[in-house]
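Colleague: Handing you this structure, nothing more for now.
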Amino acid sequence: MKILYATSEAGPFIRTGGLGDVSAALPPALVKEGQEVAVILPLYEEIPSSFRNNMEFIGNTTVPLSWRRQYAGLYKYVQQGVSYFFVDNEYYFKRKAIYGHFDDGERFAFFSKAVLELIPLMGFYPNVIHCNDWQTALIPVMLDAFYRKAKGYTNIKTVLAIHNIEFQGRMSSYVIDNVFGLPDEFASIVEYKGDANMLKGGIEAANKVITVSPTYANEILDPYFSYGLEHILHERKYKLQGILNGIDVDLYNPEKDKALFKNYSYKAISNKKANKKGLQKLVGLPVADVPVIGMVGRLAGQKGIDLLTRVLKEILSMEVQLVVLGTGDWKYENALKEAEKQFPTKLNAAITFSADMASKIYAAADMFLMPSKFEPCGLSQMIAMRYGTVPIVRETGGLKDTVEPFNPEKDTGVGFTFKSYDAYDMLDAIRRAVTVYYEQPEKWDIIVKNGMSKDFSWNKSADEYIMMYKNL
Ligand code: GLC
């Protein structure tokens, strides 16, 4: 099968979050299983020149976007058997920051149209176009509206993967004609509650809608999680499916990760301890054998940071240390910085992002806290387990699907969990973990090893994707 994977970000070229990780790992995993895969993304200013200088210029064309006629250049770069295509247009993409511009709707409508327009130039007529999030959600709509009858396009199937339903590409409905250029009979597909809504359009038009974990596929049928789209999703439930993400187990490997103070493995797990000491020294916390709780990620409402700030004092009154790494809402950044001043021997909050520091924390910590309000999949909890770090999570989305709670009778399970979005329930889960750590070290080792022996590689998920494509 030929799969065209359209995405607004893909590591190692450009990534801002989980979508960039998934786009980096799923395509090569599909190639390993014998599929032909091309990935297409915008040629952003911020893509390093080490990649740019090695791209091949394929050609260019003009993309019609309502009354506009826009240039689109096509570049190619091959890696791990995957052809990466880059769409060049300096007006839209030669800017600082890949998202957050006033005309993001137009930028990604252009990109979506360009993907379809450039298929002949790519010389890659796909069986399936796999779209991701609102940025590429217009592709299925535009395929039906403008390209269906063209040679080579008639039988193309479309998949829309939702990595986070909070972001929908909503804007004034005047763009439907003026920017998307959609004919009247397609207006109702992208229109929702009086606005243009790109994600909603994709949900309507795609042949299949995927979410990145089975639990999240169910949750988004509920208004608590759906950000207003539950009615549409109920109507389209027959094409909704959850497929759990994997992680790149070569990239996230405690045996090889160069950022660690000392590498270790399941068999030589005692070497993990050197990483705790190393981190404590590095961030200026007392070097002591107390449980270190790590937290890495965006400091955003989604991630449950308000639960943390609510009971921070209670957490830090235990014999523990807490290390936080991430950037986000200023109110959380400030709260953590203030608390750090109050508890200098217990809390270290680095308001920045660094992959090197993230690895050091995954390796050094004993526990990894992820109290998300919602979590479509979540990759950090899987990385933590791979590094022998025990996750403490709220039972939502992919967290529920990957973190089976520890059962002391049967010695099964990989972490500690809580159900309601409640700071004291979270505190209770942390207390349970800390108690086992101090009072039952032999049990603690079992939990660590249960997590480390789980298979979070992409192989299994890639097979599920292939089955789903085939069924289409
Ligand atoms: C988004 C979601 C996260 C998911 C990732 C990759 O970042 O918030 O839960 O793991 O996409 O699918």
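The values are calculated or read from the model by the stated rules, or taken from the named source; none is laboratory data. Just so we're clear, the structure is a prediction, and the values are computed from it rather than from any experiment. Methodologically, a virtual Cβ is constructed for each residue, glycine included, from the backbone with ideal geometry; neighbour enumeration extends over all protein chains shown. We work out accessible area using only protein heavy atoms, side chains counted, and drop any ligands, DNA or RNA first. Shrake-Rupley method; radii C 1.70, N 1.55, O 1.52, S 1.80 Å.
Colleague: Failed condition for residue 231, given (1) within 28 Å of residue 359 (Cα to Cα); (2) open to solvent by 40 Å² or more (accessible area, probe 1.4 Å), with all others met?
Modeller: (1)
Colleague: Working only within region 379-391, note down all residues that are within 14 Å of the ligand (Cβ to nearest atom) and either open to solvent by 10 Å² or more (accessible area, probe 1.4 Å) or assigned to a helix (DSSP H, G or I) (or both). Please lay out each step first, then the result.
Modeller: Let us first name the residues in region 379-391 that are within 14 Å of the ligand (Cβ to nearest atom), namely 379-384, 391.
Result: 379, 380, 381, 382, 383, 384.
Colleague: Any chance you could count how many residues in region 181-223 are of a type in the set (Phe, Trp, Tyr), away from the ligand (no atom under 16 Å from the Cβ) and farther than 13 Å from residue 168 by Cα? Spell out how you get there, then give the answer.
Modeller: Kept after step one, since they are of a type in the set (Phe, Trp, Tyr), are these residues of region 181-223: 186, 192, 216.
Remaining after also requiring away from the ligand (no atom under 16 Å from the Cβ): 186, 192.
Then keep just the ones that are farther than 13 Å from residue 168 by Cα; that gives 186.
Summing the residues that are of a type in the set (Phe, Trp, Tyr), away from the ligand (no atom under 16 Å from the Cβ) and farther than 13 Å from residue 168 by Cα in region 181-223 gives 1.
Colleague: Counting just the residues of region 139-161 that are more than 14 Å from residue 3 (Cβ to Cβ) and hydroxyl-bearing (Ser, Thr, Tyr), which one comes out farthest from the ligand (Cβ to nearest atom)?
Modeller: 154
Colleague: Oh, and also: Evaluate the following for residue 373: is it touching an Asp or Glu at 6+ places or on another chain (Cβ under 9 Å), within 16 Å of the ligand (Cβ to nearest atom), in a helix (DSSP H, G or I) and open to solvent by 50 Å² or more (accessible area, probe 1.4 Å)?
Modeller: Details: touching an Asp or Glu at 6+ places or on another chain (Cβ under 9 Å): yes; within 16 Å of the ligand (Cβ to nearest atom): yes; in a helix (DSSP H, G or I): no; open to solvent by 50 Å² or more (accessible area, probe 1.4 Å): yes.
Considered against the rule, which asks whether it is touching an Asp or Glu at 6+ places or on another chain (Cβ under 9 Å), within 16 Å of the ligand (Cβ to nearest atom), in a helix (DSSP H, G or I) and open to solvent by 50 Å² or more (accessible area, probe 1.4 Å), residue 373 comes out as no.
Colleague: Same structure, new question: Scanning for something part of a helix (DSSP H, G or I) and either of a type in the set (S, T, N, Q) or under 16 Å from residue 298 (Cα atoms) (or both), does region 400-420 turn up at least one residue?
Modeller: Kept after step one, since they are part of a helix (DSSP H, G or I), are these residues of region 400-420: 400-402.
After this cut, where a residue has to be either of a type in the set (S, T, N, Q) or under 16 Å from residue 298 (Cα atoms) (or both) as well, the list is 402.
Yes, the conditions are met somewhere in region 400-420.
Residue by residue, here is whether (1) farther than 17 Å from residue 230 by Cβ; (2) open to solvent by 60 Å² or more (accessible area, probe 1.4 Å) holds:
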| site | (1), (2) |
| --- | --- |
| 142 | yes, no |
| 155 | yes, yes |
| 164 | no, no |
| 181 | yes, no |
| 192 | no, no |
| 197 | no, no |
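Colleague: Which residue, of 296, 249, is within 27 Å of residue 446 (Cα to Cα), crowded, with 19+ Cβ neighbours inside 10 Å and in contact (Cβ under 8 Å) with a residue 12 or more places away in the chain?
Modeller: On the way: 249 fails: crowded, with 19+ Cβ neighbours inside 10 Å.
Exactly one residue qualifies, and that residue is 296.
Colleague: So, one more: Which condition from (1) part of a helix (DSSP H, G or I); (2) open to solvent by 60 Å² or more (accessible area, probe 1.4 Å) is the one that residue 436 breaks?
Modeller: Single failed check for residue 436: (2).
Colleague: Looking only at helices (runs of 4 or more DSSP H) that fall completely inside region 261-317, which ones have 3 or more residues that are more than 16 Å from the ligand (Cβ to nearest atom) and within 26 Å of the chain's Cα centre (by Cα)?
Modeller: In region 261-317, the matching helices (runs of 4 or more DSSP H) lie at 305-310.
Colleague: If we scan region 238-253, do we find a residue that is at pLDDT 95 or above and in a helix (DSSP H, G or I)?
Modeller: Yes: one or more hits.
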